[in-house]
Each structure stands twice: as structure tokens, then as C-alpha cells.
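Novice: My questions all concern the structure below.
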Amino acid sequence: MIGVGPLTGQTDHRWLPFSRRVDNLTVSRHYAWWGLSMRKRRADGTLAERVPAYRRMMPYIMTGKNTSAVYFKTTIDMENALEFLENPPRELEGLLTPTVLFLRAASKVLHEFPRLNRFVSGRRLYQRDGVYISFSAKKAFSEDAPIVVIKMRFDHNESFVQMARRVHEELQRGRSDEPSYTDRETAFLLKLPRSALRFVVWLQSVLDYFGLLPKRFIETDLFYASAFVANLGSIGLDAVYHHLYEYGNIPIFATIGRIQPMLAVRDGEVVVRRMVELKITFDERIEDGFYAAKAIARLKELMENPHELL
């Protein structure tokens, strides 16, 4: 019907320019949509390669993190770790805690098992650029003290001393009275009318779906990370299975419980050892459970032999 008059049905050359503009606009929109769908990179990752067809299909069938969750539990013998904490190398004196040890072990495992450092976004599987871990801590050891969440990048070639110092500095900064970037951003958004805030959240989800979120936004957002770690034992609680946040793209949530005496078998004898329980919630769309189980076994090995973390 290009160039056809509205009344006579005859070709009317006066309509041709308008019709062509409409067609060009339609084609442009199709190309723009196709271009968004074919993007292989986003600010925090690259489309994963050599992924089996069934795994590429999983995000279309299992659309949420918590409907795709698998739960792991293990216990870690902390005797060697506690001795390491009590008698650390000189350069690590005053910097070590169970949380620091776990962050070091977890970051090493994510580097050694890179397929766990993936995430699902926009129904597609991405390989994350770099290892990022978000972790929580109380600002003070009191019931009313708020929880601070810190996100850090962990490089493969960083020494244990450098990493421990950075964690210590970030904790000091997070526990100070100075509001963080996230605090200021959240305070600003909460001043908006509810309809405006809903629109902002919707727009963010659309940009995230198509991989268009700016790098600065992702780098400062605590929920765009490789894993989330909560040491509940530091406030006297046992480990729990925590849900995965649907917002953001964190596929792993680990909680650490209290260090306490437990029965264990050593050399055929029942003994009492100081141990800790670890519970992990894992989005199985990123990788299969066998691969994840091997990674957890490696994490347990590192925690029970802390000198390997140096």
C-alpha cells in the first residue's frame, strides 16, 4: 500500500515520501530492537561462551533466582584457622578476623572456578568481569546499630596483606558516621513521590534487562556482585539459608554461623573440634551443582589450611 491514495486506491505520488518515512521508521525500530537483543557485552560482563543449549534455555523456564535456588550446607573445622588468627604472620597482625579469612578463601575459589562467577540478566548468561563480593557488618555491637554493607573487588594477584588492609579500611569507613554513596542515593530516591520512585525502579529494570546500565551505577550498587557474605556468627547467630535478591545479579549468598564445639571423627576416633557451619544459596542457572560442590570442597580445604591463603 506504499504510495496508495486513501480514497481512490490509486497510486498517489504525494503519499510516497510520508509512506517511506513510516517504513524507514519501522525498519529503524526493528534494527534497534535487534541490536539490543544481539549485544554481547554489558558494563559488568560478557555473554558466556560455549554454554550448553539446555542451560541457555533455563532462564526462560526458571525466571527468578529463588525459583532456581539450590541449597548447600557444610561444616568447617576451624582449629587451624583459629590458631592462625591467634598467631598470624607479623605483617597481618591486627588485620585478621574469621570474616577476612573467609573473604580471602571465597575470592580465591571464585578465581579458581570461574564458571561460578557468572550471572543471569535479561534471560541471558554472562561471565562477570572481575570478582566482587558484598558483605555485611554491624556498625556497632548493639541491638540498635544499623548494618553496613560493603562491596569490594578482589584481584587474583593481590597479596593477602593488601587484601586484609583494604577490608580493614573499608570496615572502618563503613562504621564511621559519614554517609556512604548508597546512603545518599537511597535518601534522595525516598524523597520522590511513590509514582516517580516506581518509574525509576522500572526504568532501572528495563536498562538492566537490555544490558544498558552505566558502569558507574553497577560499580557502586551493592547488589551487582559475584557473591554476598554474611558472618552471622560475629553477632552470635547460627547460619541460615538466605534468599537471593531478585534485584541486581548476585547468584550466591553465603552465611557463616557461630564457631562452636562439635563432634568429629579423626583417625577413627570421635573428638571434639571447634567448627563452624556454612550455608549457601546458589542460583543453579549459572552452573551445575557438581561444579558448585567441587568449589565448596575447595573453600573448605582453604579455610582448614589457612597458610594456603598467603
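Novice: Filter the stretch 169-186 down to residues that are assigned to a helix (DSSP H, G or I) and either acidic (Asp, Glu) or modelled with pLDDT of 95 or more (or both), then give me how many there are.
Specialist: First pass over the stretch 169-186, keeping only residues assigned to a helix (DSSP H, G or I): 169-174, 181-186.
So of that shortlist, the ones also either acidic (Asp, Glu) or modelled with pLDDT of 95 or more (or both) come out as 169-170, 183, 185.
Number satisfying all stated conditions: 4.
Novice: Only one residue in PHE253, PHE282 is buried (at least 17 other Cβ atoms within 10 Å of the Cβ) and free of Cβ contacts under 8 Å to residues at least 60 places away in the same chain, so which one is that?
Specialist: Just one listed residue meets the conditions, PHE253.
Novice: Does PHE290 fit the bill of being surrounded by 14 or more Cβ atoms within 10 Å (Cβ to Cβ) and aromatic (Phe, Trp, Tyr)?
Specialist: No, not satisfied.
Novice: Which condition breaks for TRP33 when tested against (1) at pLDDT below 95; (2) surrounded by 14 or more Cβ atoms within 10 Å (Cβ to Cβ)?
Specialist: Just one mismatch for TRP33, condition (2).
Novice: Another question, then. Going by what's in this entry, would GLY130 be described as in the same structural domain as PRO179 (by TED's automatic domain parsing), within 20 Å of LEU222 (Cα to Cα), out of contact with any Lys or Arg (no Cβ under 6 Å at 6 or more places or on another chain) and among the small types (Gly, Ala, Ser)?
Specialist: No.
For (1) under 16 Å from PHE102 (Cβ atoms); (2) of a type in the set (Phe, Trp, Tyr); (3) modelled with pLDDT of 95 or more, each residue gets a yes or a no:
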site: LEU222; (1), (2), (3): no, no, yes
site: HIS242; (1), (2), (3): yes, no, yes
site: ARG266; (1), (2), (3): no, no, no
site: VAL270; (1), (2), (3): no, no, yes
site: ARG273; (1), (2), (3): no, no, yes
site: GLU277; (1), (2), (3): yes, no, yes
site: ASP283; (1), (2), (3): no, no, yes
site: GLY289; (1), (2), (3): no, no, no
site: LEU299; (1), (2), (3): yes, no, yes
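Novice: So if I check each of LEU237, LEU263, which one is assigned by TED's automatic domain parsing to the domain that holds PRO52, surrounded by fewer than 15 Cβ atoms within 10 Å (Cβ to Cβ) and either touching a His at 6+ places or on another chain (Cβ under 9 Å) or assigned to a strand (DSSP E or B) (or both)?
Specialist: Working: LEU237 fails: either touching a His at 6+ places or on another chain (Cβ under 9 Å) or assigned to a strand (DSSP E or B) (or both).
Selected residue: LEU263, the only one of LEU237, LEU263 that is assigned by TED's automatic domain parsing to the domain that holds PRO52, surrounded by fewer than 15 Cβ atoms within 10 Å (Cβ to Cβ) and either touching a His at 6+ places or on another chain (Cβ under 9 Å) or assigned to a strand (DSSP E or B) (or both).
Novice: Considering every residue within the stretch 216-232, establish whether at least one is loosely packed, with under 13 Cβ neighbours inside 10 Å, over 18 Å from VAL148 (Cα atoms) and of a type outside the set (A, V, I, L, M, F, W, C).
Specialist: In the first step, residues of the stretch 216-232 are kept if they are loosely packed, with under 13 Cβ neighbours inside 10 Å; the result is 216.
So of that shortlist, the ones also over 18 Å from VAL148 (Cα atoms) come out as 216.
Now narrow it down to the ones that are of a type outside the set (A, V, I, L, M, F, W, C): 216.
Yes: one or more hits.
Novice: Among the residues of the stretch 129-158, write down those that are among the charged types (D, E, K, R) and either more than 27 Å from LEU232 (Cα to Cα) or not in a strand (DSSP E or B) (or both). Can you show your working first?
Specialist: In the first step, residues of the stretch 129-158 are kept if they are among the charged types (D, E, K, R); the result is 129, 138-139, 143-144, 151, 153, 155, 158.
Selection gives ASP129, LYS139, GLU143, ASP144, ASP155, GLU158.
Novice: Quick test for you: out of ALA81, ALA43, ALA53, ALA106, pick the one residue that is at pLDDT 95 or above, surrounded by fewer than 19 Cβ atoms within 10 Å (Cβ to Cβ), small (Gly, Ala, Ser) and closer than 21 Å to PHE154 by Cβ. Outline the logic, then answer.
Specialist: Values: ALA81 fails: surrounded by fewer than 19 Cβ atoms within 10 Å (Cβ to Cβ); ALA53 fails: closer than 21 Å to PHE154 by Cβ; ALA106 fails: surrounded by fewer than 19 Cβ atoms within 10 Å (Cβ to Cβ).
After ruling out the rest, the residue left standing is ALA43.
Novice: Filter the stretch 266-293 down to the residues that are under 17 Å from PHE113 (Cα atoms) and outside any strand (DSSP E or B) and list them by number.
Specialist: Across the stretch 266-293, the qualifying residues are GLU284, ARG285, ILE286, GLU287, ASP288, GLY289, PHE290, TYR291, ALA292, ALA293.
Novice: Which pairs turn up if I take residues in the stretch 85-105 that are assigned by TED's automatic domain parsing to the domain that holds ALA137 and part of a loop (DSSP other than H, G, I, E, B) and look for partners that are small (Gly, Ala, Ser) and crowded, with 16+ Cβ neighbours inside 10 Å with beta carbon separation below 6 Å, at least 6 apart in sequence or on another chain?
Specialist: LEU95/ALA164
The values are calculated or read from the model by the stated rules, or taken from the named source; none is laboratory data. Nothing here was measured: the structure is a model prediction, and the numbers come from that model. Cβ atoms come from the backbone with ideal geometry, glycine included; neighbour counts cover every protein chain shown.
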